[in-house]
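Inspection log for the structure reproduced underneath, given as structure tokens.
The values are calculated or read from the model by the stated rules, or taken from the named source; none is laboratory data. Everything numeric in this text was worked out from a predicted model, so none of it was measured. Every residue, glycine among them, receives a Cβ derived from its backbone with ideal geometry; neighbour counts consider all protein chains shown. Accessible surface areas use protein heavy atoms only, side chains included; no ligands, DNA or RNA. Shrake-Rupley method; radii C 1.70, N 1.55, O 1.52, S 1.80 Å.
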Amino acid sequence: MYKILTINPGSTSTKVAVFEDEKMISSETIEHKSSEIKKHENIMDQIGFRKEAILKFLDKNGLKINDIHSIAARGGILPPLKSGTYLVNEDMVHYLKFETKTEHASNLAAVIGYELSDNKIPVYVTDPVSVDEFCEEARISGIKELKRKSLLHALNMKIVARKASEEIGKEYNSCNFVIAHLGGGISVGAQKEGKMIDVNNANDEGPFSPERAGELPMGDLLKIIFSDLYNHKELKKRLIGHGGLVGYLGTNDLREAFKMAQKDEKAELVIEAMAYQIAKEIGAMTVVLNGEVDAIIITGGLANSEPFINLIKERVSKLGLIMVYPGSFEMEALALGAFRILNNSESPLNWSKEV
């Protein structure tokens, strides 16, 4: 029986779990004090205290790092790569520490795992956010200097697709799905025969979300950019972090927004508008698949809200079967990626900058 340690860092917490083969035997969301976070100017400066917290988690559960057969880390923001499970090597660690274009907490996972392993335990990442399976026409933006990028909640979207294919009794690689991951950011993608051939970039395309502005009227946005109302950092925060529900209602909590909507028609309209935009994106991805859709899959934290999901269903129910997988399955997805390598049902992919 294989013991697999999974590591999934967030901005203020680190999710960890231990699996025995496919079964989770212990887990914890380690919350980090804001005072500890603020001590460190750069994300990579946080390696030390996060690594120490993971070792304490293992100790509490009667385990040492040498008891672990593999470490499964959330993939950071790497260059575009194909879906699968990659062996973490020195080149990947160096890229995440010094070369990645975006500073993000997910970049920590493989680096921490690699340091914990001390070259004695294999470390893997499965389906990072930069998974790129776009069809070529999806890359065209409308301005030749700009290419559309594949950035998505690949880890969770891929595992719910596997769950859905099993539930409907079809081979994963023969299914066509529209998959909507609804969280702090929103990714809606078209997965054709196992490949995500198009998806909105959750940072600057598609529906607005609890914290992100989504697509915006470009002409008016340009006026704001050149108006000197905001500097670059301030405007970026308006778009990612203070956009969406936060910008309109002052909260990123959908439950709180629904409470506000009981007394405030504006809050009700904003919630309905977010559901409207998600439904519209689902419809667009259905067209990408030529209407040949085995199921529309809805997942992520917002999928826990039945009233909100019902608002989406009202608009898309005629497009196909709707399957809802509330919450996130990222820890399970990480463990299963490593387990498929350990039991030789899949071969690990080798990573380089040119992969």
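Annotations
- No other residue among Ile197, Ile143, Ile179 is assigned to a strand (DSSP E or B), hydrophobic (A, V, I, L, M, F, W, C) and surrounded by fewer than 23 Cβ atoms within 10 Å (Cβ to Cβ) apart from Ile197.
- Boolean, Gly244 is at pLDDT 95 or above, more than 23 Å from the chain's Cα centre (by Cα) and small (Gly, Ala, Ser): no
- Among (1) without any contact (Cβ under 8 Å) to a residue 40 or more places away in the chain; (2) hydroxyl-bearing (Ser, Thr, Tyr); (3) more than 23 Å from Ile322 (Cβ to Cβ), the one test that Ser187 misses: (3)
- Options Gly283, Gly291; residue that is part of a loop (DSSP other than H, G, I, E, B), at pLDDT 95 or above and touching a Leu at 6+ places or on another chain (Cβ under 9 Å): Gly291
- Meets criteria (in contact with a strand residue (DSSP E or B) (Cβ under 7 Å, 6 or more places away or on another chain), under 17 Å from Ile112 (Cα atoms) and without any contact (Cβ under 8 Å) to a residue 24 or more places away in the chain) for Thr29: yes
- Within segment 192-205, residues that are touching a residue at least 12 places away in the same chain (Cβ under 8 Å) and closer than 15 Å to Val178 by Cα reach partners that are of a type in the set (Phe, Trp, Tyr) and assigned to a strand (DSSP E or B) with beta carbons closer than 9 Å, at six or more positions or on different chains, in the pairs Lys192/Phe177.
- Cβ-Cβ distances below 7 Å connect the following pairs, each with a first residue in segment 148-164 that is part of a helix (DSSP H, G or I), a second residue that is of a type in the set (Asp, Glu), and a separation of six or more residues or different chains: Ala154/Asp127; Leu155/Asp127; Leu155/Glu330; Asn156/Glu330; Lys158/Asp127; Ile159/Glu332.
- Any hit, segment 308-325, residues being touching a residue at least 12 places away in the same chain (Cβ under 8 Å), more than 22 Å from Ser174 (Cβ to Cβ), of a type in the set (Gly, Ala, Ser) and surrounded by 15 or more Cβ atoms within 10 Å (Cβ to Cβ): no
- Listed by position, the strands (runs of 3 or more DSSP E) inside segment 1-108 whose residues that are exposed (fewer than 13 other Cβ atoms within 10 Å of the Cβ) number at least 2 are 23-31.
- Qualifying residue in segment 327-342 (condition: crowded, with 20+ Cβ neighbours inside 10 Å and of a type in the set (S, T, N, Q)): yes
- Pairing each residue of segment 32-53 that is of a type in the set (Val, Ile, Thr) with any residue that is open to solvent by 40 Å² or more (accessible area, probe 1.4 Å), provided the two are 6+ apart or on different chains, yields C-beta distances under 8 Å for Ile37/Ser11; Ile37/Thr12; Ile43/Glu103; Ile43/His104; Ile47/Glu115.
- Residue among Glu205, Glu167 that is more than 17 Å from Gly300 (Cα to Cα), out of contact with any helix residue (DSSP H, G or I) (no Cβ under 7 Å at 6 or more places or on another chain), open to solvent by 20 Å² or more (accessible area, probe 1.4 Å) and outside any loop (DSSP other than H, G, I, E, B): Glu167
- Qualifying residue in segment 214-227 (condition: assigned to a helix (DSSP H, G or I), more than 30 Å from Lys82 (Cβ to Cβ), open to solvent by 10 Å² or more (accessible area, probe 1.4 Å) and aromatic (Phe, Trp, Tyr)): no
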